[in-house]
1. Provide the descending list of Cα extents for segment 168-228 along its principal axes, expressed in whole angstroms.
2. Out of every Cα-Cα pair in segment 73-188, what percent are more than 25 Å apart?
3. For Cα pairs less than 8 Å apart in space and 6+ apart in sequence, what is the mean separation divided by the residue count of the chain, i.e. the relative contact order in percent?
4. For the residues His112, His284, His351, His289, what sequence is obtained by ranking on other C-beta atoms within 10 Å, fewest first?
5. Taking only the alpha carbons of segment 218-273, what extent do you get along each of the three principal axes, in Å, biggest first?
6. Could you give me the percent of Cα pairs per 10 Å distance bin for segment 241-330, shortest bin first, beginning at zero and ending with the bin that holds the maximum distance?
7. Could you grab the Rg to Rh ratio for segment 16-94? Cα atoms only, Kirkwood for Rh.
8. For the chain, what is Rg from Cα atoms divided by 2.2 N^0.38 Å, rounded to two decimals?
Amino acid sequence: MMRATLLLIPTLLAAQVARIEVAETAGLRRFGYPVRARIKTSFSSRPLHLVSDGKTIAAQFTSIDKDFVEIDFALDLGPGQKRNFVVEEGGPPPITDPMSIEQTASSYIVRHPDGLAFHVPKNLHGFLSSVQTPDTEYLLRGASGLSVACRDKTERPVGAVTSRVVKSGPLACALRFDIAEPLCGDRVVKSAVELEFPRSKSWVEVHWTVDDPAPGISGLMAEAHLQVDSQPLIVDFGAGTMIYATVRSGQSARMRSSASGWNIDVNGEDYAIGQVPPAEGWAHLMDRHRATAVAIKDFATTESSIESWADGRLRIRRDVGQTPKSFTFWLHFVGMPVQIGAATSPQSMMHPLAVRVE
């Protein structure tokens with residue numbers, strides 16, 4: 001997540017609480033791109049609103065504690081452009097078409113105003129149990145999950161002990177899951193999984209951090225089983241340049257980074273290899289109707305992989321060392337053709353806008 005700290009300066013006017021600068025630094029045009037900024041302020045319990053060029057901007061203010069507020073909004077920005085905002089006292093205008101979180105006894109349901117819904121088990125067993133629109137289901141139920149890889153080559157699924165809603169809309173929803181269970185031995189390992197859902201995009205951004213200074217855990221993994229109407233499965237890999245592959249019945253395709261560079265194999269045979277530039281670490285998985293974009297943050301900095309099978313199975317993994325042990329990734333669910341359905345490239349998804357708070 002993007003985090004920034006407020007520095008109160010004398011030039012702020014009486015009604016102003018903070019100033020925010022948002023910059024595009026990756027050379028990519030952004031459309032409705034989600035922005036998060038955290039400010040430190042003594043006004044955390046008071047109504048606030050966001051202003052740019054004298055106009056009030058739709059924004060969500062979430063009090064994190066008595067001293068911090070997190071602000072969510074969306075922004076169009078051209079390559080290399082910057083835009084300035086001011087946080088002021090006073091209630092924001094109402095937001096039409098809000099997103100929201102519904103709770104059942106066992107699940108959270110994150111609802112977008114267009115009908116997209118993410119179903120997340122409260123115990124996190126299965127990770128995402130369903131991602132659906134009024135017309136389409138993206139996942140096979142009961143086939144997803146988070147797990148750890150152990151140094152002894154075994155794997156252990158993880159589930160949450162407690163969970164809570166961090167943000168409930170209208171522009172962003174967030175969930176937090178806390179895990180404490182024996183993993184890779186008898187020692188209890190604590191970890192936290194945070195899921196972020198912006199209204200302006202149909203993705204979930206996942207942050208998984210593990211408090212484990214011991215060497216027992218060697219990798220963090222996420223699995224899903226995508227609905228696939230027909231084969232072959234078409235895969236685009238972001239490996240320095242885009243490389244596409246056709247994955248037929250019984251086959252798999254994998255992109256992997258390592259200390260020596262990166263490689264892509266199809267059904268175990270080399271398909272492409274390289275060292276420079278490093279692999280970007282994203283993939284599109286597509287049938288005739290659905291596309292799922294997958295991306296791993298800092299893919300090339302340690303051994304990581306994205307692997308898919310023709311029947312829709314997906315596994316992503318990041319190897320972890322002593323400390324810190326963390327895994328950030330995105331799953332973006334859109335319609336075909338992906339260039340129209342997504343309206344945001346994986347490169348944009350992996351490179352958030354830069355936020356500076358004064």
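Computed from the coordinates by the stated procedures, all read-outs in this text should not be read as laboratory data. Every value quoted in this text rests on a predicted model; they were computed, and no experiment measured them. Note: ideal-geometry Cβ built from the backbone for every residue, glycine included; neighbour counts use all protein chains shown.
1. Result for segment 168-228: principal-axis Cα extents of 42, 31, 15 Å.
2. Numbers: 2944 of 6670 pairs.
Result for the distance tail: 44 percent.
3. Details: 954 pairs, mean separation 57.1, N = 358.
So the answer I get is 16 percent.
4. Values: His112 21, His284 24, His351 18, His289 15.
Placing the least packed residue first, the sequence is His289, His351, His112, His284.
5. 37, 25, 19
6. 16, 51, 28, 5, 0
7. On the way: Rg = 12.7 Å, Rh = 13.0 Å.
Value, to two decimals: 0.98.
8. Numbers: Rg = 20.8 Å, N = 358, 2.2 N^0.38 = 20.6 Å.
Taking N as the residue count of the chain, the ratio is 1.01.
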